[in-house]
Amino acid sequence: MMQINTIQTQAYADQKPGTSGLRKKVKAFQQAHYLANFVQSIFSSLDASDNKTLVIGGDGRYFNRDAIQIILKIAVANGFTDFIIGQGGLLSTPAASHLIRKYKTLGGLILSASHNPGGPDEDFGIKYNISNGGPAPEQYTDAFFAYSKTITEYKSADLPDIDLDNIGEQQIENINIRIIDPVDDYAELMRSLFDFNLLKQVISSGKLTLRFDAMHAITGPYATRILQDILGAPAGSVINEIPLEDFGGHHPDPNLAHAKELADLMFTPDAPDFAAASDGDGDRNMILGSNIFVTPSDSLAIIAANAHLVPGYASGISGVARSMPTSQAVDRVAAKMQLPCFETPTGWKFFGNLLDADKITLCGEESFGTGSNHVREKDGLWAVLFWLNIIAKKSQSVQQIVNEHWQEYGRDIYSRHDYEAVESDIANDIMDHLRNQLATLKAQSFGVYTVKYADEFSYTDPVDHSVSAQQGIRIGFEDGSRIIFRLSGTGTVGATLRIYVEKYEADASKHNQDPQNALAELIDLAEQFCEIKKRTGRIEPTVIT
Ligand code: VG1
Ligand code: CO
């Protein structure tokens, strides 16, 4: 019998999961028993079950391998007997979600801090996904946090360190560990959704040229296999394809700021027809065409409007959802298609119930996340394949597709301004200051903008009726424009204030404006309301997307 040790520990006060799991500096995770405490808190909070199988994998960032060895020992001590682990400890977030569903495991542990930088002085993260493959809902994460605050001991088995690098099964007493190829199951799933024959024809013949930036993160192996090996894109189409523990020193964040070289390339004569990038754990995507950047909000709307062209969705979609700060572009598509459209708080965990109940098929967030009912996470490469399938089917450029979409529906001009690492007290004061204005803002006019509503978003889940309050401050105007303020729940230094600004433009002659110009008045108004520049002395946002 394997020896199970009970280890005395002291509780940490700061293990509250955020928008997507627990994210801290690596150094925080390396404190005595820090990771063990949290993992034990997860296992101790789960209901008893006969299902003793877990999926484990991460984005390969620094501390990934150490964490997996620690987790395995605690999981075994807590009665888990079967493990499915990606080779090298690697799994993209959507691939992990798929494995949980496909092999009907109790859940999975995903090790990632997503788009945050990696390395000994950077970030690490861990989250638990439940049996539907999706991030643990708030009832769970609240329970994990509550347990972590009073934990006094955890259990750890005398399991030797496991070889994570060789594919195959390892049996140790009654424990079964399967090291699998991280890409196989996921590639098969993608083949079942998209027209791979058509894609192969246009991509391998050079009719449709592409560049995919894996940002030295997890999608490297996935994109290389699918886009190059299977669909025939020439070598070099996937760049930065080797996952590195520190992502080459960059933020693996696919946006105009952090994937700048790729974005710049798309506005030169050498641009391929299509370009995309993905984040640390492979759930985000950025879509670009020659001379155009597609906002994630528009991407969701265009995917919904064209879903009938894609085999996996050709029989129809049941509904759509977007996070509250995501632009209203998809709402217009839903209205025209007479489909239900839901508005959820930020974070993928809020889509799970809607997907499980088949109230929606497609969903997305402004933060470069798009997905469907094929898994219960957002999925970067899935969005890329969706776009490629639409482009191939329509034989149009990205720019043509976007412009025609705007002509039909109008354009929701959109931008997000992030102020990172703001002193927490100042950030909280700003939110209070905004809250205090809500009652009096209604019906006030500011230039051409008249306030229609001003409130703090609260969400009642239509399936389990759970309520999530304080999900962001919304100021909506009579013409449909909105300004939204919320504090990030994924940062690890101070607070990050996100300001989301959008404006609807029906007139096609005004569609090709620069968003920063088109939104200038609203951006000034946002400052008037929140006073971030005034209160911090900053002159501009840290990141504009
Ligand atoms: C951010 C995004 C949110 C996303 C979350 C996790 O959260 O805004 O839309 O779901 O990251 O994405 P926040 O609380 O920092 O705004 V990932 O790719 O980091 O798992
Ligand atoms: Co991510």
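Does R486 satisfy the condition of being away from ligand 2 (no atom under 16 Å from the Cβ), touching a Pro at 6+ places or on another chain (Cβ under 9 Å) and open to solvent by less than 10 Å² (accessible area, probe 1.4 Å)? So R486 fails the test.
For segment 125-136, does any single residue satisfy the condition of being within 16 Å of ligand 1 (Cβ to nearest atom) and among the charged types (D, E, K, R)? Yes, because at least one residue in segment 125-136 is within 16 Å of ligand 1 (Cβ to nearest atom) and among the charged types (D, E, K, R). Against the criterion of being out of contact with any helix residue (DSSP H, G or I) (no Cβ under 7 Å at 6 or more places or on another chain) and over 27 Å from D158 (Cβ atoms), K102 does not qualify.
Figure legend. Inter-residue proximity from segment 403-427: first residues under 17 Å from F477 (Cα atoms), second residues open to solvent by 20 Å² or more (accessible area, probe 1.4 Å), beta-carbon distance below 6 Å, spacing 6+ or different chains. Indicated pairs: R411/E505; D412/Q328; D412/Y504; I413/K503; I413/E505; I413/P515; S415/P515. In the set (1) hydroxyl-bearing (S, T, Y); (2) modelled with pLDDT of 95 or more; (3) more than 16 Å from ligand 1 (Cβ to nearest atom), Y459 fails one condition alone, (3).
Looking only at segment 377-414, which residues are within 16 Å of ligand 2 (Cβ to nearest atom), under 23 Å from L339 (Cβ atoms) and outside any loop (DSSP other than H, G, I, E, B)?
Residues satisfying the conditions are W382, A383.
In segment 387-410 there is no residue that is touching a Ser or Thr at 6+ places or on another chain (Cβ under 8 Å) and within 16 Å of ligand 1 (Cβ to nearest atom). For S44, the test of being farther than 27 Å from E245 by Cα, outside the structural domain of P221 (by TED's automatic domain parsing) and either assigned to a helix (DSSP H, G or I) or within 16 Å of ligand 2 (Cβ to nearest atom) (or both) is passed.
Could you run through segment 8-57 and say how many residues are more than 16 Å from ligand 1 (Cβ to nearest atom) and on the phi > 0 side of the Ramachandran plot? So that I can check it myself, show each step before the final result.
Going residue by residue through segment 8-57, those that are more than 16 Å from ligand 1 (Cβ to nearest atom) are 8-15, 26-56.
Keeping just the survivors that are on the phi > 0 side of the Ramachandran plot gives 33.
The total comes to 1.
Screening segment 489-530 for residues that are of a type in the set (S, T, N, Q) and modelled with pLDDT of 95 or more and picking the one that is farthest from L434 (Cα to Cα) gives N517. For segment 208-219, the condition of being open to solvent by 60 Å² or more (accessible area, probe 1.4 Å) and at pLDDT 95 or above holds for at least one residue.
Looking only at segment 167-185, residues that are assigned to a strand (DSSP E or B) and not hydrophobic (A, V, I, L, M, F, W, C) come to 6 in all. Output yes when any residue across segment 414-433 is farther than 30 Å from L525 by Cα and of a type in the set (V, I, T), and no when none is. No, because not a single residue in segment 414-433 is farther than 30 Å from L525 by Cα and of a type in the set (V, I, T).
Give me the residue from segment 466-490 that is part of a loop (DSSP other than H, G, I, E, B) and charged (D, E, K, R) and, out of that set, nearest to ligand 1 (Cβ to nearest atom). Filtering segment 466-490 for residues that are part of a loop (DSSP other than H, G, I, E, B) and charged (D, E, K, R), the one nearest to ligand 1 (Cβ to nearest atom) comes out as D479.
Among the conditions (1) surrounded by fewer than 18 Cβ atoms within 10 Å (Cβ to Cβ); (2) of a type in the set (D, E); (3) touching a helix residue (DSSP H, G or I) at 6+ places or on another chain (Cβ under 9 Å), the only one that E241 does not satisfy is (1).
Among the residues of segment 150-186 satisfying the criterion of being without any contact (Cβ under 8 Å) to a residue 60 or more places away in the chain and of a type outside the set (S, T, N, Q), which is farthest from R225 (Cα to Cα)? Once the filter is applied, the top-ranked residue is P160.
The values are calculated or read from the model by the stated rules, or taken from the named source; none is laboratory data. The structure displayed is predicted, hence computed values, not measured ones. Ideal geometry is used to build each Cβ from the backbone, glycine not excepted, and the neighbour counts take in all protein chains shown. Each accessible area value is taken on the protein alone, full model and side chains, heavy atoms only, with ligands, DNA and RNA left out. Shrake-Rupley method; radii C 1.70, N 1.55, O 1.52, S 1.80 Å.
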